[in-house]
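Heads up: the structure comes next, in structure tokens.
The values are calculated or read from the model by the stated rules, or taken from the named source; none is laboratory data. Just so it is clear, the model here is predicted, and its values are computed rather than measured. Cβ placement follows ideal geometry from the backbone for every residue including glycine, while neighbour counts extend to all protein chains displayed.
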Amino acid sequence: MTKPARPVGDAIRRNAEQLGLNYGDYIAGILARELGMPEYAPAVPHTNDEELRIPDVA
């Protein structure tokens, strides 16, 4: 277990939330990529947040 400084922890939490990951999975992904093992990084959930334009029909 690690306890980063508050500003670092806040940035981790913010980035994890933006990607739809929990805190631990986000950190595990960073470590896996840093160690040259990206295949072990948790998958980022796929979202369809992009809005589709619906034409006005009136």
query: How many residues are in a helix (DSSP H, G or I) and small (Gly, Ala, Ser) if we restrict to the stretch 1-43?
result: 7
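Residue-by-condition table, conditions (1) surrounded by 10 or more Cβ atoms within 10 Å (Cβ to Cβ); (2) modelled with pLDDT under 95:
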{"site": "Met1", "(1), (2)": "no, yes"}
{"site": "Pro7", "(1), (2)": "no, no"}
{"site": "Ala28", "(1), (2)": "yes, no"}
{"site": "Ala41", "(1), (2)": "yes, no"}
{"site": "Asp49", "(1), (2)": "no, yes"}
